[in-house]
Amino acid sequence: NAKIINNANNMVFRGSGLPTDRQFVRVQLYTAAGEIADGAVVAFDQQFKNQYDANDAVKMANGGENLSIRHANGKLLSIEARRLVQRTDTVFLDFSNLRKQTYQLRFGTQHIPINTMEILLIDRYLDQTQMISIGDSTFVNFTINAETASADPGRFILVFRNKVRNVT
């Protein structure tokens, strides 16, 4: 068990002798008071598999708000390790214990190919799409209200796609 935890920690934290081109998308959930509630990470590397394995870290739910990544097998993860980003990859964010208030998602990327890739955040409750910056941080506010759908665990997904090139 300790080996799995060490692998997961080594994937996320810098300065551990990891390949310098490993790609990351980090997501943090902040409360209306500006306090960090939770976070999750997707790591992309050619050595990883898209199947659940020891490089993934199962989400350990806390007593407050929870943010995780829903793996294709249904497991909730705090860290998901995948092969390098593909043209149509999708990351399913998952929430629990959200209260009726405004929250903020903060996205940060590392080593995602800025010239060839785009990341879209899709809000399935509001039916809205927002571009996630690959070269900078992106902050997205959202509100949980009296409508049950506003707190749906699968409200948000991240979609990766090839950057649309303008033809001149």
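Being at pLDDT 95 or above, charged (D, E, K, R) and farther than 23 Å from I132 by Cβ: is that true of K75 here? So K75 fits the description; yes. Residue-level check: of (1) within 22 Å of D53 (Cα to Cα); (2) modelled with pLDDT of 95 or more, L98 misses just (1).
Of the residues making up the stretch 94-115, those that are within 22 Å of K163 (Cα to Cα) and in contact with a strand residue (DSSP E or B) (Cβ under 6 Å, 6 or more places away or on another chain) number 7. Can you work out which of the residues in the stretch 146-167 that are part of a loop (DSSP other than H, G, I, E, B) and at pLDDT 95 or above is surrounded by the most Cβ atoms within 10 Å (Cβ to Cβ)? Taking the candidates together, the pick is R155. Residue-level check: of (1) buried (at least 20 other Cβ atoms within 10 Å of the Cβ); (2) of a type in the set (A, V, I, L, M, F, W, C); (3) touching a helix residue (DSSP H, G or I) at 6+ places or on another chain (Cβ under 7 Å), I69 misses just (3). One residue stands out among those in the stretch 135-145 that are open to solvent by 90 Å² or more (accessible area, probe 1.4 Å) and modelled with pLDDT of 95 or more: the one that is nearest to F107 (Cα to Cα), which is F139. Per the conditions (1) in contact (Cβ under 8 Å) with a residue 24 or more places away in the chain; (2) part of a loop (DSSP other than H, G, I, E, B); (3) within 16 Å of the chain's Cα centre (by Cα), the sole criterion not satisfied by Q104 is (2). Applying the set (1) modelled with pLDDT under 95; (2) under 12 Å from the mean Cα position of the chain (by Cα) to V85 leaves exactly one unmet item: (2). Tell me, please, whether a residue that is farther than 12 Å from I157 by Cβ and in contact (Cβ under 8 Å) with a residue 24 or more places away in the chain can be found in the stretch 119-129. The answer is no, given that none of the residues of the stretch 119-129 is farther than 12 Å from I157 by Cβ and in contact (Cβ under 8 Å) with a residue 24 or more places away in the chain.
For the stretch 30-93, the strands (runs of 3 or more DSSP E) that sit wholly inside it and include 3 or more residues that are farther than 16 Å from G154 by Cα are 36-44, 76-82. Residues considered: L98, L120. Of these, the only one that is open to solvent by 10 Å² or more (accessible area, probe 1.4 Å), part of a loop (DSSP other than H, G, I, E, B) and either within 14 Å of A43 (Cα to Cα) or not β-branched (V, I, T) (or both) is L98. Condition first: β-branched (V, I, T), touching a strand residue (DSSP E or B) at 6+ places or on another chain (Cβ under 8 Å), in contact (Cβ under 8 Å) with a residue 24 or more places away in the chain and crowded, with 16+ Cβ neighbours inside 10 Å. Can you find one or more residues in the stretch 84-91 that meet it? Yes: the stretch 84-91 contains one or more residues that are β-branched (V, I, T), touching a strand residue (DSSP E or B) at 6+ places or on another chain (Cβ under 8 Å), in contact (Cβ under 8 Å) with a residue 24 or more places away in the chain and crowded, with 16+ Cβ neighbours inside 10 Å.
The values are calculated or read from the model by the stated rules, or taken from the named source; none is laboratory data. What you see is a predicted model; the values in this text were computed from it and never measured. Note that we place each Cβ from the backbone using ideal geometry, even for glycine, and neighbour counts take in every protein chain shown. Remember, those area values only see protein heavy atoms, side chains included, never the ligands or the DNA or RNA. Shrake-Rupley method; radii C 1.70, N 1.55, O 1.52, S 1.80 Å.
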